[in-house]
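Worksheet: one structure, shown below.
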Amino acid sequence: MSREQFVAALGGIFEHSPWVAERAYQQIPFHSVEELHRAMLQTVRSVPDSQITELLRSHPDLATRLQVTPYSAAEQQGAGLDRLTAEEFGLLTGMNAAYTEKFGFPFILAVRGKNKDDIIAAISERVHHPLEQEREQALYEIGRITGFRLHDLLPEPEGSAL
């Protein structure tokens with residue numbers, strides 16, 4: 001697969017950050033989806049803090065009514081965030097705003113397998129974390145999100161390199 005094909009196929013795994021796939025390409029071949037994912041996560045960890053902050057800021061607010069990437073839309077729909085009552089939407093919007101004001105990036109959570117109550121509980125707890133703890137938690141959640149996305153997109157090939 002050429003660099004261009006690789007980035008075209010995997011550039012959306014990290015929200016609005018095709019640079020992750022572009023830089024990870026330098027490490028091909030990958031012998032499993034897990035190896036590819038580890039390389040992509042290491043790519044993120046190897047950049048300056050300012051670029052990590054931009055990656056964090058590229059994520060949409062949960063339950064936003066703004067247009068989001070197809071990956072984010074599907075993930076949020078799966079958690080029921082497209083079916084919030086007006087009161088729940090207002091609560092989550094307010095919590096998202098408070099979180100973003102405190103940390104400088106939106107609340108990031110791998111929502112697969114969670115429902116709206118789980119999400120509200122998580123943001124209610126995490127808004128009280130110190131900044132460094134929350135940056136690490138956000139990166140951990142991005143790792144979970146991108147792991148799910150890669151495994152959905154790339155079935156494990158048998159005996160072949162990616």
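The values are calculated or read from the model by the stated rules, or taken from the named source; none is laboratory data. Everything quoted here is computed from the prediction, not taken from an experiment. Using ideal geometry, Cβ is built from the backbone for each residue, glycine included, and neighbour counts are taken over all protein chains shown. Ligands, DNA and RNA are stripped out before the accessible areas are found, and what is left, the full protein with its side chains, is counted by its heavy atoms. Shrake-Rupley method; radii C 1.70, N 1.55, O 1.52, S 1.80 Å.
Restricting to the range 112-130, name every residue that is at negative phi and either open to solvent by 80 Å² or more (accessible area, probe 1.4 Å) or part of a loop (DSSP other than H, G, I, E, B) (or both).
Initially, the range 112-130 is screened for residues at negative phi, giving 112, 114-130.
Within the range 112-130, Arg112, Lys114, Asn115, Asp117, Glu125, Val127, His128, His129, Pro130 meet the criteria.
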Does any residue of the range 101-109 turn out to be touching a helix residue (DSSP H, G or I) at 6+ places or on another chain (Cβ under 7 Å), open to solvent by 40 Å² or more (accessible area, probe 1.4 Å), at negative phi and of a type in the set (A, V, I, L, M)? no
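For the range 119-138, does any single residue satisfy the condition of being under 19 Å from Pro18 (Cα atoms) and under 18 Å from the mean Cα position of the chain (by Cα)? It would help to see each step written out before you state the result.
Initial filter on the range 119-138 (under 19 Å from Pro18 (Cα atoms)): 138.
Keeping just the survivors that are under 18 Å from the mean Cα position of the chain (by Cα) gives 138.
Yes - at least one qualifying residue is present in the range 119-138.
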Please work out if Asp49 is open to solvent by 80 Å² or more (accessible area, probe 1.4 Å) and either at pLDDT 95 or above or of a type in the set (S, T, N, Q) (or both). yes
Which pairs have Cβ atoms under 8 Å, sit 6 or more apart or on different chains, and link a residue in the range 81-105 that is without any contact (Cβ under 8 Å) to a residue 60 or more places away in the chain to one that is among the acidic types (Asp, Glu)? Thr93/Asp61; Asn96/Asp61; Thr100/Asp61; Phe103/Glu134
Residues Glu88, Glu141: which one is in contact with a Lys or Arg (Cβ under 8 Å, 6 or more places away or on another chain) and part of a helix (DSSP H, G or I)? Glu88
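Looking at Ala74, Ala79, Ala63, can you tell me which residue is at pLDDT below 95 and touching a Lys or Arg at 6+ places or on another chain (Cβ under 6 Å)? I'd like the intermediate steps shown before the answer.
Working: Ala74 fails: touching a Lys or Arg at 6+ places or on another chain (Cβ under 6 Å); Ala63 fails: touching a Lys or Arg at 6+ places or on another chain (Cβ under 6 Å).
One residue alone meets the criteria, Ala79.
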